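Okay, structure first, notes after.
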Amino acid sequence: MDWPAYSPDLNPIEHVWDMLGRRIAARQPPPTCLPELRRALLDEWCNIPQDQIDNLILSMPRRCKA
């Protein structure tokens, strides 16, 4: 398989960062300082469902073809 040119859509961690960003933005109340943000990120990271990660990994061949 030829490696495609750089594209954020083909970088799985970019999708994980997007997931984390949406989860942090949905928190009520939102983090108000760096230590709260760090705790919130760790909490959300640990709570990303494994099936979402699996689906992201399984979608990569399709993304590469597009």
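When region 48-65 is examined, which residues are found to be in contact (Cβ under 8 Å) with a residue 12 or more places away in the chain and not in a helix (DSSP H, G or I)? Working first, answer last.
Residues of region 48-65 in contact (Cβ under 8 Å) with a residue 12 or more places away in the chain: 48, 52-53, 56-57, 60, 63-64.
Answer for region 48-65, where residues must be in contact (Cβ under 8 Å) with a residue 12 or more places away in the chain and not in a helix (DSSP H, G or I): just 48.
Have a look at 31, 35 and point out the one that is modelled with pLDDT of 90 or more, over 14 Å from residue 10 (Cα atoms), more than 12 Å from the chain's Cα centre (by Cα) and assigned to a loop (DSSP other than H, G, I, E, B).
Working: 35 fails: assigned to a loop (DSSP other than H, G, I, E, B).
None of the other options fit; the residue is 31.
Can you name every residue in region 31-56 that is exposed (fewer than 10 other Cβ atoms within 10 Å of the Cβ) and either charged (D, E, K, R) or farther than 13 Å from residue 19 by Cβ (or both)?
Residues of region 31-56 exposed (fewer than 10 other Cβ atoms within 10 Å of the Cβ): 32-35, 46-47, 49-51.
Once the filter is applied, which keeps residues that are exposed (fewer than 10 other Cβ atoms within 10 Å of the Cβ) and either charged (D, E, K, R) or farther than 13 Å from residue 19 by Cβ (or both), region 31-56 yields 32, 33, 34, 35, 51.
The values are calculated or read from the model by the stated rules, or taken from the named source; none is laboratory data. Small disclaimer: the values here were computed from a predicted structure and weren't measured. Counting neighbours? That spans all protein chains shown, and the Cβs are built from the backbone with ideal geometry, glycine included.
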